[in-house]
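For reference, the structure discussed in these notes is given below.
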Amino acid sequence: MTVSCGRDDYVRQLIAAYRRLPGTLGRPRPADRQLAADLHRRGVPLDTVAAAFLLALARRATRPQDASPLPPIRSLHYLLPIIEELLQHPPPNDYLDNLRKRFGIRAQPSHSSATVQKTTLLHER
């Protein structure tokens, strides 16, 4: 696994995407920036983080209608278990494509060797 951009660019892209993620407070904390830097150091592709954002959206959106509302996501650390899950068991691209269609997120061509495509969640609009 390799990351194709520098640490500062990686952290900037990841934090910008986190701020745009529905259901967050939109205010990253220093610990979020540190986690982003740690993910870069570990070589976690932005593609995988984008897929984790997508899965978090899907999981939060598919709760029973009578369930009590979820509180906002207050930290990037909320997504860490999903990122770890994806590193262990990447989902098929067609599954992610279906989720992207459901949420109206267009896929970006991937320039890395990762198996998970980038989405507009990790690209500034």
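The values are calculated or read from the model by the stated rules, or taken from the named source; none is laboratory data. Note that the structure is predicted; figures quoted are calculated from it, not measured. Counting neighbours? That spans all protein chains shown, and the Cβs are built from the backbone with ideal geometry, glycine included.
Of note:
- Qualifying position, being at pLDDT below 90, farther than 19 Å from VAL3 by Cβ and surrounded by 16 or more Cβ atoms within 10 Å (Cβ to Cβ), among ARG106, ARG63, ARG100: ARG100
- Selected residue (only one of PRO22, PRO30 is surrounded by fewer than 20 Cβ atoms within 10 Å (Cβ to Cβ) and either at pLDDT 95 or above or in contact with a Lys or Arg (Cβ under 8 Å, 6 or more places away or on another chain) (or both)): PRO30
- Test result for ASP47, among the acidic types (Asp, Glu) and out of contact with any strand residue (DSSP E or B) (no Cβ under 6 Å at 6 or more places or on another chain): no
- Unmet criterion (only one of (1) closer than 20 Å to SER4 by Cα; (2) in contact with a helix residue (DSSP H, G or I) (Cβ under 8 Å, 6 or more places away or on another chain)) for ASP38: (2)
- Given (1) modelled with pLDDT under 90; (2) more than 26 Å from GLY6 (Cβ to Cβ); (3) not in a helix (DSSP H, G or I), number of the condition GLU124 does not satisfy: (2)
- Number of residues in region 1-32 that are of a type in the set (Ser, Thr, Tyr) and assigned to a loop (DSSP other than H, G, I, E, B) equals 2.
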